[in-house]
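Have a look at the structure below, then the notes.
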């Protein structure tokens, strides 16, 4: 698809500003009524979903041209999908997120690039990860766990750690805890180790579609060679990429794709994993954008009048992965969950997505601070989420603000309840 394919979407935008807010019947308070970090932060219409739709139509019809200022507005967006979810309450024939994504591709094709994004793409090409870390060290996180190497032997489940979990030393215990839980549940699990590549999701979001397709093809080949019937990932970005971006690029994965919260929920429900130890804590849960509203699968592109489009093809964010993480928390004895005002498909973004964390760090931190304040307003003792990128930006922002508010990766609490002793550093 290209920008011109969404001309009717852009023409159909009535500039009602619903894309800026949580749907009115969902609003709990004025303080936490905004849904789009970009318009909330910069407070000028061009920074909203509607504003970018208008810019896109203007460029398409030759009334204005792409320039540095316009490109910066396009890039100052987490592509979190919140504007789309709110819009579809009223107009399910408009796909705002797809327009925003195509605007990124337009910028790349026209040479309006961001230095920090170019560095990420260069890192992907050289080291197969967005962090620029040595590819040879990608599997070091799993040393001593005795996991199968799918490069030389078959496994029933292929575990994809993802870039952030593979290299972030602060998350080393969490990702090791995840596979220890899988082992505890008797899962035949393997990893690709140093041969694991990035999912390519960031390249897709940044508009570098060719690079994203290369990583999709690589993942497809590796999965087939592994013989695995199930692909499990702990990275919400990777999960969304596997489920939506890959098939949209024509790449189908020959296995069931699950986020680790889904898989662990099955293990608990089936009695393969027992959560027996009490974790006496009051927590609130943050829905990651890529695990929530952006995780709905790709069902094809509808040709013709979108008002006639079948409901399952209208990605409105409602079918995201919302219950498995909450169900896991509910299985932990002693733990109580209290919800924030903006949850599920109307969750506020952590701020890290769409290349914003790398190119506009102050904007990412601002968005994270908004969510941390919403979390603390619930009276919870800690924030829990199921995405390593969310954990990273929340912890860094809380530390910068000297905010005494713990942030947990959800599986850390699951491992504690399962009785897995923390490993010595």
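In table form, for the structure just shown:
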read-out	value
Any pair with Cβ under 7 angstrom, 6 or more apart, that starts in the range 309-333 at a residue that is free of Cβ contacts under 8 Å to residues at least 24 places away in the same chain and not assigned by TED's automatic domain parsing to the domain that holds residue 258 and ends at one that is surrounded by fewer than 14 Cβ atoms within 10 Å (Cβ to Cβ) and part of a loop (DSSP other than H, G, I, E, B)	313/300
Residue pairs meeting the criteria (Cβ under 8 Å; at least 6 apart or on separate chains; first more than 19 Å from residue 240 (Cβ to Cβ) and in the same structural domain as residue 241 (by TED's automatic domain parsing), in the range 378-401; second buried (at least 24 other Cβ atoms within 10 Å of the Cβ) and modelled with pLDDT of 95 or more)	none
Counted residues, the range 205-225 - those being part of a helix (DSSP H, G or I), touching a residue at least 60 places away in the same chain (Cβ under 8 Å) and under 25 Å from residue 109 (Cβ atoms)	5
For residue 52: the one exception among (1) in contact (Cβ under 8 Å) with a residue 24 or more places away in the chain; (2) farther than 20 Å from residue 287 by Cβ; (3) surrounded by fewer than 18 Cβ atoms within 10 Å (Cβ to Cβ)	(3)
Any hit, the range 410-421, residues being buried (at least 17 other Cβ atoms within 10 Å of the Cβ) and touching a strand residue (DSSP E or B) at 6+ places or on another chain (Cβ under 7 Å)	yes
Boolean, residue 42 is under 26 Å from the mean Cα position of the chain (by Cα) and under 21 Å from residue 112 (Cβ atoms)	yes
Filtered residue count, the range 300-338, keeping only those that are in contact with a helix residue (DSSP H, G or I) (Cβ under 9 Å, 6 or more places away or on another chain), in a loop (DSSP other than H, G, I, E, B) and exposed (fewer than 14 other Cβ atoms within 10 Å of the Cβ)	5
Residue 179, sole failed condition from (1) in a loop (DSSP other than H, G, I, E, B); (2) crowded, with 22+ Cβ neighbours inside 10 Å	(1)
Any hit, the range 106-119, residues being in contact (Cβ under 8 Å) with a residue 40 or more places away in the chain and within 20 Å of residue 9 (Cα to Cα)	yes
Subset tally (residues that are in contact with a strand residue (DSSP E or B) (Cβ under 9 Å, 6 or more places away or on another chain), in a helix (DSSP H, G or I) and farther than 17 Å from residue 391 by Cβ) for the range 131-176	1
One residue from 364, 380 being at pLDDT 95 or above and out of contact with any strand residue (DSSP E or B) (no Cβ under 9 Å at 6 or more places or on another chain)	364
Selection status of residue 100, within 22 Å of residue 344 (Cβ to Cβ) and without any contact (Cβ under 8 Å) to a residue 60 or more places away in the chain	yes
Which numbered condition residue 228 fails, given (1) outside any loop (DSSP other than H, G, I, E, B); (2) over 20 Å from residue 136 (Cα atoms); (3) in contact with a strand residue (DSSP E or B) (Cβ under 6 Å, 6 or more places away or on another chain)	(1)
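The values are calculated or read from the model by the stated rules, or taken from the named source; none is laboratory data. Since the structure is predicted, the reported quantities are computational estimates derived from the model, not experimental observations. Positions of Cβ are generated from backbone atoms using ideal geometry, with glycine treated the same way; all protein chains shown enter the neighbour counts.
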